[in-house]
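The structure under discussion appears below in the form of structure tokens.
The values are calculated or read from the model by the stated rules, or taken from the named source; none is laboratory data. Bear in mind the structure is a predicted one, so any value in this text is a computation, not a measurement. Cβ placement follows ideal geometry from the backbone for every residue including glycine, while neighbour counts extend to all protein chains displayed.
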Amino acid sequence: MHYSMHYHDSNAYQNQRSAMTLVQLRHLASLAQTGSFSRSAAALLVTQPALSRSIRALEDELGQRLFDRIGRHSEVTPFGRDVVERARELVQAADDLRDSARRASGGHEGVLRIGLGSGPGALLMTPLLMTAAQQSPGLRLEIARGGTDRLVQALRERSLDALVVDARSLRPAPDLSTRCLQDMRGAFLVRRGHPLARRRAAPGFDDLLRYPIAATPLSDEVARVMVEQYGPQAHPDRCITLRCEEIPSLVDVTRRTDAVLLAIRAAAPDLVELKVQPALTAMARFGLVTLARRTEPPGLSVVRDLMAQRLHDPSAQLPRSSR
């Protein structure tokens, strides 16, 4: 059948017209390139009648003929040339968008705004920045530091996409989802050569009180454990004399002074752990916090992987009942 007759087909087909699609635009671009329905149909893996219907539907929607059939060759009309050029731009934009979405789903592109609590910040911030720089240069990473309450507020205001914080300092709420829980053991730490480290007998908590005690803000659960083990004098509000959100700063002070640092053991492997009697059983439980029922932001898989690698503490074994 001559192609020009297709354009004036029955009203039954006119009633079946649909909105312009990317598939039709791909068909249009291919036919403009080859000038042949048979070659384009083969390249597009469709039948020739299906390709003919696709082009005819596009012409019906635009109200203009796009191709003139000259023998076995299909030549683009003057109006068709403009349509083909714009169709190619749209198809390329769609391909770019698809590729961008694929890269984002793999954590290699997009924007990730993440909040880190004091402990996770000490252990994850540099590795996270390094991983983004080396493996995902297309990912724009923004890191915020601060207390749990302030970070949660930023998450709810949508200025952060996810948090890694001590789940024990987190108030349970139906709009928050906490996953990837990792337990980290707490310890009293001092510099090498500290007077308490040179003692033969294990120090008691009273011995620690002779020195400045440094810590980040501690969860209510840690405060409860300390009071149970060492008495009211061990409540953080009473015994902590140096407090800030940044563990690296506290570690540095502990290296240079006789301060005693209360922190997760893994945050300062070069410091000496005091075997206080009774032994400290306080734990931090770090978790990945997002808003419930929200689509996962790009790059979050990188954070999960680093949590499994960097927040892994084989010595932190809690009873099943407390998990």
### Query
Does residue 198 satisfy being farther than 23 Å from residue 285 by Cα and surrounded by fewer than 16 Cβ atoms within 10 Å (Cβ to Cβ)?
yes
### Task
Could you please find all residues in the stretch 203-215 being among the charged types (D, E, K, R) and part of a loop (DSSP other than H, G, I, E, B)?
210
## Note on the structure
Taking first residues from the stretch 307-321 that are acidic (Asp, Glu) and second residues anywhere that are modelled with pLDDT of 50 or more, the pairs with Cβ under 8 Å that are 6 or more apart or on different chains are 313/182; 313/183; 313/184; 313/185; 313/264; 313/265; 313/266
### Query
Only one of (1) among the β-branched types (Val, Ile, Thr); (2) in contact with a helix residue (DSSP H, G or I) (Cβ under 8 Å, 6 or more places away or on another chain); (3) over 14 Å from residue 300 (Cα atoms) is not met by residue 131, so which one is it?
(3)
### Query
From the residues in the stretch 204-227 that are at pLDDT 95 or above and acidic (Asp, Glu), which one is farthest from residue 191 (Cα to Cα)?
206
### Message
For the stretch 233-246, give me the residue count where each residue is assigned to a loop (DSSP other than H, G, I, E, B) and either on the phi > 0 side of the Ramachandran plot or at pLDDT 95 or above (or both).
### Response
3
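Being modelled with pLDDT of 95 or more and within 22 Å of residue 286 (Cα to Cα) is the requirement here; does residue 251 meet it?
The answer is yes for residue 251.
Is it the case that residue 289 is within 23 Å of residue 172 (Cα to Cα), in contact (Cβ under 8 Å) with a residue 12 or more places away in the chain and touching a Ser or Thr at 6+ places or on another chain (Cβ under 8 Å)?
Yes.
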### Query
Looking at 133, 144, which is the one that is modelled with pLDDT of 90 or more, touching a Gly at 6+ places or on another chain (Cβ under 7 Å), outside the structural domain of residue 38 (by TED's automatic domain parsing) and of a type outside the set (S, T, N, Q)?
144
### Message
Take residue 100 and tell me if it is of a type in the set (Ser, Thr, Tyr) and either modelled with pLDDT of 85 or more or closer than 23 Å to residue 182 by Cβ (or both).
### Response
no
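Every residue, every condition in (1) hydrophobic (A, V, I, L, M, F, W, C); (2) surrounded by fewer than 21 Cβ atoms within 10 Å (Cβ to Cβ); (3) within 19 Å of residue 94 (Cα to Cα), yes or no:
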site	(1), (2), (3)
22	yes, yes, yes
26	no, yes, yes
38	no, yes, no
55	yes, no, no
### Query
Restricting attention to the stretch 146-167, does a residue exist that is surrounded by fewer than 21 Cβ atoms within 10 Å (Cβ to Cβ) and touching a helix residue (DSSP H, G or I) at 6+ places or on another chain (Cβ under 7 Å)?
no
### Query
Is it the case that the stretch 216-232 has a residue that's in a strand (DSSP E or B), closer than 30 Å to residue 292 by Cβ and either among the aromatic types (Phe, Trp, Tyr) or in contact with a Pro (Cβ under 8 Å, 6 or more places away or on another chain) (or both)?
no
### Message
Looking only at the stretch 261-315, filter to residues that are outside any loop (DSSP other than H, G, I, E, B), out of contact with any Cys (no Cβ under 6 Å at 6 or more places or on another chain) and among the charged types (D, E, K, R); which one of those is surrounded by the fewest Cβ atoms within 10 Å (Cβ to Cβ)?
### Response
305
